[in-house]
Amino acid sequence: MAGSSQPHKAALGARFTLRIGESAQIEAEALQIAFEDVPTDSRCPRGEQCIREGDATVRLRLQKAPGPGERLELRTAPKEQSAMRFLSYEVRLVRLDPYPVSGRPIARGDYVATLELTRGSTAAPDSDPPVGLAG
């Protein structure tokens with residue numbers, strides 16, 4: 001995968017971060033997750049007053065060896081899809097950084113996604129503040 005020579009190590013149920021082009025390997029599960037892109041980011045920048053808070057989309061690729069991979073898109077807006085299922089797993093976008101600031105464009109290489117991968121839907125939906133809100 002472009003941008004990374006070796007996948008990071010990650011554990012099922014633990015949070016981990018990836019930059020665009022990086023991947024993480026959950027060895028005990030023979031599972032790899034890659035952060036491919038942020039195709040859209042319309043989050044309301046700090047310092048601005050917006051009618052809507054906006055949303056960003058994070059594109060991931062998951063693959064469990066030896067099977068085929070699958071692309072998933074997760075969203076930061078609380079009413080959108082911030083978690084999805086892949087086989088018997090649930091992948092959740094916990095946070096996308098950096099948060100936009102008025103007048104400062106975000107370089108593609110600066111994006112960092114905080115993710116959590118669990119088996120099934122064991123993550124409590126209200127355990128964290130919604131992603132995408134300025135904090």
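Laboratory data are not the source of any read-out in this text; all were calculated from the coordinates shown. Keep in mind the model is a prediction, meaning the values are calculated, not measured. No Cβ is skipped: glycine too gets one built from the backbone with ideal geometry, and neighbour counts run over all protein chains shown.
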Fill in: Among [x] 2, 10, 21, 24, 19, 13, 7, 3, 1, 0; [y] 2, 11, 19, 21, 17, 13, 8, 5, 2, 1, 0; [z] 2, 12, 23, 25, 21, 12, 4, 1, 0, the entry that matches P(r) over Cα pairs in 5 Å bins from 0, in percent as calculated here
[x]
Fill in: Pair R46, R19: separation of 7 Å Cα→Cβ label points (nm)
2.0 nm
Practice prompt. Output ³J(HN,Hα) for region 23-40: one whole-Hz value per residue in order, computed from phi by the Karplus curve 6.51 cos²θ - 1.76 cosθ + 1.60 with θ = phi - 60°, and x for Gly and Pro.
Written response: 9, 10, 10, 9, 4, 4, 10, 6, 10, 10, 10, 10, 8, 8, 5, 10, x, 9
Fill in: Sparsely packed trypsin sites (Lys or Arg not before Pro) within region 1-107, loop by DSSP, other Cβ within 10 Å at most 10
R52, K79
